[in-house]
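The values are calculated or read from the model by the stated rules, or taken from the named source; none is laboratory data. Just so you know, these numbers come straight off a predicted model, no measurement behind them. Note that each Cβ is placed from the backbone with ideal geometry, even for glycine, and that neighbours are counted across all protein chains shown.
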């Protein structure tokens, strides 16, 4: 059995895509995924499965959530081993220590091209900085996320990939939950 972390995109936003974590944990169990746990109310899951392919699990979970909970959204699945690489590969260690709430890891459906990452960085109007590694983009928001013009829409358009972001605190908590 392999431990996985599953992230739902855009759930439990004000008035949008409401889903309870208890329902999600129940769905994991119904699908035969073991030790289902959730973190916070924003669609962060850890579970164990014989299925090792993240893409197979993403498809399974997306279809099950739509069928059983009436929610059409994206899942981003990484193994606990992948998660260790995400944590170790953080290019912003100073920011992670100083201001982890303004450091975001954007988990992407596919790895962006270097040219796309450069285009995104060039499009930034503020002090944000983006670095990419595999299917993740690390983004610092030194002036805060709420007022930034660097939105998920801009990021996805420039990188040519769907994604969901988690701040560094949440990344570390999910790593601990999954034993990564």
(request) Find the residue count for the stretch 152-172, including only residues that are surrounded by 15 or more Cβ atoms within 10 Å (Cβ to Cβ) and free of Cβ contacts under 8 Å to residues at least 12 places away in the same chain. (result) 1
(message) I'm checking my understanding of the structure. Among residues of the stretch 136-151 that are surrounded by 15 or more Cβ atoms within 10 Å (Cβ to Cβ) and touching a residue at least 40 places away in the same chain (Cβ under 8 Å), which one is nearest to residue 90 (Cα to Cα)?
(response) 138
(request) Could you grab the pairs with beta carbons closer than 8 Å, sequence gap of 6+ or different chains, first residue in the stretch 48-61 and not assigned by TED's automatic domain parsing to the domain that holds residue 24, second one in a helix (DSSP H, G or I) and surrounded by 13 or more Cβ atoms within 10 Å (Cβ to Cβ)? (result) none
(request) Examine the stretch 118-130 for a residue that is crowded, with 19+ Cβ neighbours inside 10 Å and assigned to a strand (DSSP E or B), and state whether such a residue exists. (result) yes
(message) Please return the ranges of strands (runs of 3 or more DSSP E) entirely within the stretch 1-117 where 1 or more residues are crowded, with 17+ Cβ neighbours inside 10 Å and either modelled with pLDDT under 90 or over 14 Å from the mean Cα position of the chain (by Cα) (or both).
(response) 2-8, 34-39, 44-49
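So that you can scan it fast, the table gives a plain yes or no per residue for (1) touching a strand residue (DSSP E or B) at 6+ places or on another chain (Cβ under 7 Å); (2) closer than 29 Å to residue 157 by Cβ:
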{"position": "9", "(1), (2)": "yes, yes"}
{"position": "18", "(1), (2)": "no, yes"}
{"position": "22", "(1), (2)": "no, no"}
{"position": "40", "(1), (2)": "no, yes"}
{"position": "66", "(1), (2)": "no, yes"}
{"position": "69", "(1), (2)": "no, yes"}
{"position": "82", "(1), (2)": "no, yes"}
{"position": "89", "(1), (2)": "yes, yes"}
{"position": "95", "(1), (2)": "yes, yes"}
(message) One residue is enough: does the stretch 131-151 have a residue meeting the conditions in contact with a helix residue (DSSP H, G or I) (Cβ under 6 Å, 6 or more places away or on another chain) and within 22 Å of residue 74 (Cα to Cα)?
(response) yes
